[in-house]
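The values are calculated or read from the model by the stated rules, or taken from the named source; none is laboratory data. None of the values given here were measured: they were computed from a predicted structure. Please note: Cβ atoms are built from the backbone with ideal geometry, for glycine as well, and neighbour counts cover all protein chains shown. The area values use the complete protein model at the heavy-atom level, side chains included, leaving out ligands, DNA and RNA. Shrake-Rupley method; radii C 1.70, N 1.55, O 1.52, S 1.80 Å.
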Amino acid sequence: MSKELELKLGCLPTVAAQVCALPFLSDLPSESKLLLNLYYDTPDESLKRMKMALRIRKSGDQWLQTLKTTGITDASGLSTRGEYEWVIDGPNLKLDLLKELLPADLDSDSLYPVFSTNFKRTTWLYQREQTQIEIACDQGEVRTGNRIEPISEVELELKQGDASALFDLAEQLTRLSPLWIGQRSKAQRGWELRFEHPPAPELPSLIMERGDLAERVERLSAMTICWQRCYELIPITLAPTVITTLCSALEQQIALLRQLSDLEASAGLLKEYEALLTRVMPLYDLAYFSGSSPTFYKTIEERSRSISADLLNDPSIGQLALRTAHFIRETTQGAGDE
């Protein structure tokens, strides 16, 4: 089993094409390939419940079977998960390879294709001193039945070096293109695509007691994940549940930063989040007036789409997310030293 440490950055499809053309990448060794993937699960979604993903991938003339185990994505967007991968001789599952890895009570014979992801992947190898990072830009789609969602993202996978190098490179990229921290995996998008609208993430409870520094930062981390998950749904849906959860998460993020006012770096973040909430709040009108007359609602909807386009094309949102990640990581380390 190998372990991958990666940081995912989401973007609009037009931006992904711009990223591939960045002069910054033109001098790096690169490769492009088409990846065709089928994801499997049981009818009762056993793998999904265990936060595992099983897929068959066709890459050129090669077939690969991959099992990804339970992963952890923190507020910084840094994802860690185990991965088993085998070269196989065709497009069919090799169940014998999975016997020791899946629970004994899982009916492996009932595994069937649930959704597919097909995308072009362009990779570059970034190297600086002791650091080696694979940059991958994926452009394509996830599909289940007749429902389709675009895939448009940049993944930074640490091959060698310290995790801080991922954030340094991400900051460099967000200065060049409007990117944001991505919290949803391709597998998660495939499972959610069966709903008319992806479900809004659950809003963490806000405990107003100050608590010690570690507790306050932990609450800030949970709220950061929530608003980022809502934000990356904006290109797909402006459903009322998503927008109301996003606004509530930003409001509570501001309240949590006020609890951390004794830390100098929190003041700058607080002002930025207050400004972001002001920009996002007009989207709440779409949810509030959802039952109004069709003509009036259409006007609100058009304005909301214009506002969301401005947000998604603004690189400062991704930069704010990365600054928040840096603040959380630095403060957590400081709390651990106390």
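The table below gives the values:
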{"read-out": "Of residues in region 204-234 being touching a residue at least 40 places away in the same chain (Cβ under 8 Å) and open to solvent by 60 Å² or more (accessible area, probe 1.4 Å), the one nearest to Ala53 (Cα to Cα)", "value": "Arg229"}
{"read-out": "Failed condition for Ile300, given (1) outside any loop (DSSP other than H, G, I, E, B); (2) open to solvent by 50 Å² or more (accessible area, probe 1.4 Å); (3) at pLDDT below 85", "value": "(2)"}
{"read-out": "Filtered residues of region 65-105 (kept if under 30 Å from Arg329 (Cα atoms) and among the hydroxyl-bearing types (Ser, Thr, Tyr))", "value": "Thr69, Thr70, Thr73, Ser76, Ser79, Thr80, Tyr84"}
{"read-out": "Pairs with Cβ under 7 Å, 6+ apart, first in region 141-169 and farther than 24 Å from Tyr40 by Cα, second open to solvent by 80 Å² or more (accessible area, probe 1.4 Å) and of a type outside the set (A, V, I, L, M, F, W, C)", "value": "Gln160/Gln130; Gly161/Gln130; Phe167/His326"}
{"read-out": "Helices (runs of 4 or more DSSP H) within region 147-237 that include 2 or more residues aliphatic (A, V, I, L, M)", "value": "164-174, 213-231"}
{"read-out": "Any hit, region 107-128, residues being under 30 Å from Thr332 (Cα atoms) and of a type outside the set (S, T, N, Q)", "value": "yes"}
{"read-out": "Residue check, Ile254 in contact (Cβ under 8 Å) with a residue 40 or more places away in the chain and either in a loop (DSSP other than H, G, I, E, B) or more than 19 Å from the chain's Cα centre (by Cα) (or both)", "value": "no"}
{"read-out": "Qualifying residues in region 194-253 (those that are among the β-branched types (Val, Ile, Thr) and closer than 21 Å to Arg329 by Cβ) - the one modelled with the lowest pLDDT", "value": "Val217"}
{"read-out": "Enumeration of residues in region 36-47 that are of a type in the set (A, V, I, L, M) and crowded, with 18+ Cβ neighbours inside 10 Å", "value": "Leu38, Leu47"}
{"read-out": "Yes/no for Ala75 being small (Gly, Ala, Ser), touching an Asp or Glu at 6+ places or on another chain (Cβ under 6 Å) and buried (at least 16 other Cβ atoms within 10 Å of the Cβ)", "value": "no"}
{"read-out": "Which listed residue is more than 21 Å from Arg189 (Cβ to Cβ) and either touching a residue at least 40 places away in the same chain (Cβ under 8 Å) or part of a helix (DSSP H, G or I) (or both), from Ala249, Ala265", "value": "Ala265"}
{"read-out": "Every residue from region 303-338 that is open to solvent by 70 Å² or more (accessible area, probe 1.4 Å), outside any loop (DSSP other than H, G, I, E, B) and modelled with pLDDT under 85", "value": "Thr332, Gln333, Asp337"}
{"read-out": "Residues of region 261-284 classified as of a type in the set (Ser, Thr, Tyr), surrounded by fewer than 17 Cβ atoms within 10 Å (Cβ to Cβ) and either modelled with pLDDT of 95 or more or in contact with a Phe, Trp or Tyr (Cβ under 8 Å, 6 or more places away or on another chain) (or both), total", "value": "1"}
{"read-out": "Residue among Arg128, Arg147 that is of a type in the set (D, E, K, R), out of contact with any Pro (no Cβ under 8 Å at 6 or more places or on another chain) and closer than 18 Å to Asn37 by Cβ", "value": "Arg147"}
